[in-house]
Amino acid sequence: MAAASAARVEHLVTSGTFSLDGGTWDVDNNVWLVGDDEEVLVVDAAHDADAIAAAVGDRRLVAIVCTHAHDDHIDAAPALAARTGAPVFLHLEDRLLWKHVHPDRAPDGYLSDMRRVTVAGVELTVLHTPGHTPGGICLHAPDLGTVFTGDTLFAGGPGATGRSFSDFPTIVRSIRDRLLTLPPDTVVRTGHGDSTTIGAEAPDLDTWITRGY
């Protein structure tokens with residue numbers, strides 16, 4: 001019998017637009033895949049279902065997990081689900097944002113804080129981190145030394161809070177209480193741009209508050 005392959009993180013960048021509050025912007029999104037040679041989980045099905053399906057290949061897609069329901073993070077989720085049969089999961093508090101984008105297709109299930117999702121023998125824990133959106137989440141995978149933060153935490157600061165459904169003091173609390181408590185060497189895999197680490201971002205908390213990101 002062949003030895004089981006080790007779980008790993010794979011990365012794909014897709015391009016499209018983000019629209020909210022009457023504006024539209026071009027964006028590049030990070031799509032993360034966690035799994036092995038047999039099965040995989042997708043974090044944020046952004047823009048291009050065909051490209052994501054190609055990255056999944058012939059592996060079983062266990063689930064599509066949405067870190068939040070801004071359109072650039074969920075626009076390809078229904079098409080990818082239809083193609084693969086995988087369920088789409090979202091935090092309940094982002095259901096209204098989801099309905100703005102996909103009024104005729106509900107998520108297959110709702111996530112709650114500390115729920116665990118398992119793929120390829122790796123456990124990912126849901127951390128509810130509101131602020132960028134009410135139902136924003138991060139996924140902590142301690143066995144892989146990483147956390148997937150969506151648009152909650154980036155290299156250099158918190159996610160944006162200048163649009164509808166967002167709140168700056170809330171996102172700072174989420175980062176302080178749920179993310180900066182993780183081990184400093186935890187790799188932060190973000191929704192856009194470069195990765196960072198918890199240790200690299202922790203010293204800047206007071207600066208963020210002063211600047212009012």
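Odds and ends about this structure:
- Each peptide in 87-95, 182-190 receives the mean, over its residues, of other Cβ atoms within 10 Å, and ordering these scores from highest gives 87-95, 182-190.
- Were the residues from residue 59 through residue 163 laid out at 0.36 nm apart, the gain over their Cα-Cα distance would be 33.7 nm.
- 222 nm mean residue ellipticity, helices alone, for the chain (DSSP H n ≥ 4; -39,500 (n - 2.57); rounded to 500): -5000 deg cm²/dmol
- As a proxy for reagent exposure, 196, 17 were ordered by neighbouring Cβ count within 10 angstrom, fewest first; the result is 17, 196.
- Principal semi-axes in Å for the stretch 9-211 [√(5λ), Cα gyration tensor, largest first]: 24, 20, 15
- P(r) weight above 18 Å for the stretch 1-48, C-alpha pairs, percent: 46
- Extending 7 Å from the Cα toward the beta-carbon at both residue 143 and residue 116 defines two label points whose distance is 1.0 nm.
- Cα centroid of the stretch 138-159 to Cα centroid of the stretch 165-213, whole Å: 8
- Computed extension length for residue 195-residue 155: 13.8 nm, one decimal, from 0.36 nm per residue of separation with the Cα-Cα distance subtracted.
- Residue 173-residue 205 pseudo-label distance in nm [points 7 Å out on the Cα-to-Cβ vector]: 1.4
- Sequence ranges 99-109, 120-130, ranked by mean other-Cβ count within 10 angstrom, highest first: 120-130, 99-109
- Maximal additional length on extending the residue 37-residue 13 stretch stands at 6.6 nm, based on 0.36 nm per residue less the C-alpha distance.
- Label-point separation, residue 26 to residue 50 (7 Å along Cα→Cβ), nm: 2.0
- Calculated FRET value between residue 82 and residue 125, using beta carbons and R₀ = 22 Å, to 0.05: 0.20
Each value in this text was obtained by applying a stated rule to the coordinates, not by laboratory testing. All values reported here derive from a predicted model rather than from experimental measurement. Cβ atoms come from the backbone with ideal geometry, glycine included; neighbour counts cover every protein chain shown.
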